[in-house]
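A.B. asks: Take a look at this one; I'll ask things after.
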Amino acid sequence: MSAKGKTPRNLRNNNPGNLQDGHWTRALPGYTGADDEGFAVFKDWHYGLHGLERLLRGPLYRNLTLTEAIARYAPRHENPTDGYQGFVASWSGLDMGRKVGGLDPFELHTLTEAMIIFEGWPRLKCRA
């Protein structure tokens with residue numbers, strides 16, 4: 001439960017990374033709609049996690065460093081970007097100067113796992 005006594009949004013929406021609703025997310029497998037705050041809702045959390053991994057492997061992120069990718073994903077006007085970057089670096093152990101597209105599958109999973117934990121996803125639900 002969150003501080004407000006509600007289930008966190010990413011759990012309610014089966015959207016571990018809190019992907020925003022839009023044309024891109026609507027085309028993802030398992031997409032079922034959007035919540036009243038503009039975030040995508042998925043049939044199952046595995047679909048939501050796959051969406052985040054697909055986003056990171058795509059053209060908007062693959063040529064960015066991990067630091068740049070987190071800054072794009074969690075911009076300063078919406079998030080504590082420095083804290084997000086620091087958490088991902090510390091938790092994942094990945095070099096934040098590496099390009100997203102250069103990560104192997106295990107490293108990409110490690111990155112997404114750190115991101116969804118920062119987004120509020122329970123640590124015990126991270127391993128698929």
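A.B. asks: Between 69, 105, 34, whose Cα lies farthest towards the positive end of the dipole of the chain when Lys and Arg beta carbons carry +1 and Asp and Glu beta carbons carry -1, centred on the Cα centre?
C.D. replies: 34
A.B. asks: Hey, what do the phi angles of the range 105-122 turn into as Karplus ³J(HN,Hα) couplings, whole Hz, using 6.51/-1.76/1.60 and θ = phi - 60°, x for Gly and Pro?
C.D. replies: Each residue of the range 105-122 in turn: x, 5, 5, 4, 5, 4, 4, 5, 4, 4, 5, 6, 5, 4, 6, x, 6, x Hz.
A.B. asks: Run the helix sum for the chain: -39,500 (n - 2.57) per DSSP H stretch of 4+ residues, divided by residue count, reported at 222 nm to the nearest 500 deg cm²/dmol.
C.D. replies: Details: 6 runs with 55 residues, N = 128.
Rounded to the nearest 500, the figure is -12000 deg cm²/dmol.
A.B. asks: From the phi angles alone, apply the Karplus equation (6.51, -1.76, 1.60; θ = phi - 60°) to the range 55-68 and give each ³J(HN,Hα) in whole Hz, x where the residue is Gly or Pro.
C.D. replies: Karplus values, whole Hz, x for Gly and Pro: 4, 5, 7, x, x, 6, 10, 4, 9, 8, 6, 4, 4, 5.
A.B. asks: Pop out the ³J(HN,Hα) list for the range 24-34 in order, Karplus 6.51 cos²θ - 1.76 cosθ + 1.60 with θ = phi - 60°, rounded to Hz; leave Gly and Pro as x.
C.D. replies: Residue by residue, the range 24-34 yields 5, 5, 5, 8, 6, x, x, 5, 10, x, 9 Hz.
A.B. asks: At 0.36 nm per residue, and after removing the present C-alpha to C-alpha distance, how many nm does the segment from residue 60 to residue 90 gain when stretched out fully?
C.D. replies: Gain in length upon complete extension: 8.4 nm.
A.B. asks: For 47, 73, give me the order by solvent-accessible area with a 1.4 Å probe, most accessible first, ignoring ligands, DNA and RNA. Intermediate results must be reported in sequence, preceding the final value.
C.D. replies: On the way: 47 75, 73 35 Å².
So the residues, ranked largest to smallest area, are 47, 73.
A.B. asks: Relative to the Cα centre, what is the charge dipole magnitude of the range 12-101, using +1 at the beta carbon of each Lys and Arg, -1 at the beta carbon of each Asp and Glu, and rounding to the nearest 20 debye? Could you put the intermediate results ahead of the total?
C.D. replies: Working: 10 positive and 10 negative charges, 79 e Å.
So the magnitude is around 380 debye.
A.B. asks: Something else: With each pseudo-label sitting 7 Å past Cα toward Cβ, what's the residue 44-residue 26 distance in nm, one decimal?
C.D. replies: 2.5
A.B. asks: With contacts defined as alpha carbon pairs under 8 Å and 6 or more residues apart, what's the relative contact order of the chain in percent?
C.D. replies: Normalised by residue count, the contact order of the chain is 23 percent.
The values are calculated or read from the model by the stated rules, or taken from the named source; none is laboratory data. As the structure is a prediction and not an experimental result, all values here were calculated from the model. Positions of Cβ are backbone-derived with ideal geometry, glycine not excepted, and every protein chain shown enters the neighbour counts. Side chains are part of the model used for accessible areas, which takes the heavy atoms of the whole protein and leaves out ligands, DNA and RNA. Shrake-Rupley method; radii C 1.70, N 1.55, O 1.52, S 1.80 Å.
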